1. Condition test on A:A132, is it hydrophobic (A, V, I, L, M, F, W, C) and part of a helix (DSSP H, G or I)?
2. Which residue, of A:L121, A:L155, A:L190, is farther than 23 Å from A:A58 by Cβ, within 12 Å of chain B (Cβ to nearest Cβ) and of a type in the set (A, V, I, L, M)?
3. Do you know which residues across segment A:1-21 are open to solvent by 10 Å² or more (accessible area, probe 1.4 Å), within 7 Å of another protein chain (Cβ to nearest Cβ), more than 24 Å from B:G162 (Cα to Cα) and not hydroxyl-bearing (S, T, Y)?
4. Just to be sure before I move on: is B:A28 buried (at least 24 other Cβ atoms within 10 Å of the Cβ) and over 23 Å from B:R114 (Cβ atoms) in the structure I sent?
5. Would you confirm whether or not segment A:2-14 contains a residue that is basic (K, R) and more than 19 Å from B:P19 (Cβ to Cβ)?
6. Restricting to segment A:64-100, name every residue that is more than 13 Å from chain B (Cβ to nearest Cβ) and within 23 Å of A:G141 (Cβ to Cβ).
7. For segment B:96-127, name all the residues that are in a loop (DSSP other than H, G, I, E, B) and open to solvent by 80 Å² or more (accessible area, probe 1.4 Å).
8. Does any residue of segment A:22-44 turn out to be among the polar types (S, T, N, Q) and within 7 Å of another protein chain (Cβ to nearest Cβ)?
Number of protein chains: 2
Amino acid sequence: MKRFEELTVSQLLAALASPDPTPGGGTAAAIAGAMGTSLLLMVTGLAKSRNNLDAEKAALATARAALEPLSPALMTLADADTQAFNDVMAAYRLPKATDDDKAARTRAIQAALRGETEVPLETVRACVEAIAQGRVVADYGNQSAASDVGVALGLLKAAAEGAAANVRINLTGLKDEAFKSATESETARLLAAIADQHSR
Amino acid sequence: MKRFEELTVSQLLAALASPDPTPGGGTAAAIAGAMGTSLLLMVTGLAKSRNNLDAEKAALATARAALEPLSPALMTLADADTQAFNDVMAAYRLPKATDDDKAARTRAIQAALRGETEVPLETVRACVEAIAQGRVVADYGNQSAASDVGVALGLLKAAAEGAAANVRINLTGLKDEAFKSATESETARLLAAIADQHSR
């Protein structure tokens, strides 16, 4: 299987539109997050003022350094999201002839479902970090690129919210209550952070 | 220049991240809209119930027929958005040595700026239409794909709002008050339609 970043946009759209369950919303969210991150990176290359104040340049350089790893990380998460779904399907197909089979199958399903929450949670984390850096970019980047920053933040927010919805849906099948509770808490905290960023 | 749909996702991200002004937010919004539309198309292939009620199948088929042209249309708009920006830059570079030059340059700039509002407005229209179909897909599509529909609607809303912001920013440079007023009215009406769709 090719990595999603190797597909042409046309192939990606065809893959999303096909009735196969993967790639689905989790993968689309991660790729949209990578697009938003990349747009923010563009604006870090455009200082606000003609005289390029040192403080502005330093703030944008710091934001750029924080953003740079997030775009490839989100593309890795796009692949991992599809893999996690396929792992769940594979676990459900395990044999259940004997009691040992059944116990092993249940453990495999639980482990796979856990992966299916951890991947989109990592997507939420990456998007929230990009949004935090986007605030710096909005403050110090060139105002002629304000609409690019706006599009970037909108895509990142949609990506984070979409990935968070995937976390929550996939949590419902898990039995480990401590993990469920911790994951739900972190998801809620991350979504609240986005709401804060957006209301500024 | 290649069409954006011919680029790999990796090349697209690199183009967005480069300090060149294009591709910018308008192109990213259109591509995100195409991704959202494609995800909705996936769900039109998954009927809600196992017995595939005729009414459900018919509703999903109608939504599918309406969605199918929107994804390639949005990819064409992704290209057109970058072209429209480049046309504005080219118009600003026209000679202004004589009064005739200056008048011709002003006309060219106004025509190009108008194109730079018409393209993102068309993106908003396409996304709003996709969101309207997405409501049908949410109602009649398989509930196991509910999070895919949620991601799709989030991406389409972000794409529409981002494109609308581009319409408004680009309108500020135009002198044709009747066109400005009509375009602003339609933009506001389309954004209100999205808010309605989302609050349901």
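The values are calculated or read from the model by the stated rules, or taken from the named source; none is laboratory data. Being a predicted model, the structure only gives us computed values, none of them experimental. Backbone-built Cβ (ideal geometry, glycine too); neighbour counts: all protein chains shown. Just the protein is used for accessible areas: all its heavy atoms, side chains included, with ligands, DNA and RNA removed. Shrake-Rupley method; radii C 1.70, N 1.55, O 1.52, S 1.80 Å.
1. Spelling it out, A:A132 is indeed hydrophobic (A, V, I, L, M, F, W, C) and part of a helix (DSSP H, G or I).
2. Going through A:L121, A:L155, A:L190 in turn, just one is farther than 23 Å from A:A58 by Cβ, within 12 Å of chain B (Cβ to nearest Cβ) and of a type in the set (A, V, I, L, M): A:L155.
3. The answer is A:E6, A:L7, A:P19.
4. Values: buried (at least 24 other Cβ atoms within 10 Å of the Cβ): yes; over 23 Å from B:R114 (Cβ atoms): no.
Criteria not met by B:A28.
5. Just the residues of segment A:2-14 that are basic (K, R), to begin with: A:2-3.
Checking which are more than 19 Å from B:P19 (Cβ to Cβ) leaves us with A:2-3.
Within segment A:2-14, one or more residues are basic (K, R) and more than 19 Å from B:P19 (Cβ to Cβ).
6. Of everything in segment A:64-100, those that are more than 13 Å from chain B (Cβ to nearest Cβ) and within 23 Å of A:G141 (Cβ to Cβ) turn out to be A:A65, A:A66.
7. Initial filter on segment B:96-127 (in a loop (DSSP other than H, G, I, E, B)): B:96-98.
Hits for segment B:96-127 are B:K96, B:A97.
8. From segment A:22-44, those among the polar types (S, T, N, Q) are A:22, A:27, A:37-38, A:44; that's our starting set.
Then drop every residue that is not within 7 Å of another protein chain (Cβ to nearest Cβ), which leaves A:38.
For segment A:22-44, residues among the polar types (S, T, N, Q) and within 7 Å of another protein chain (Cβ to nearest Cβ): present.
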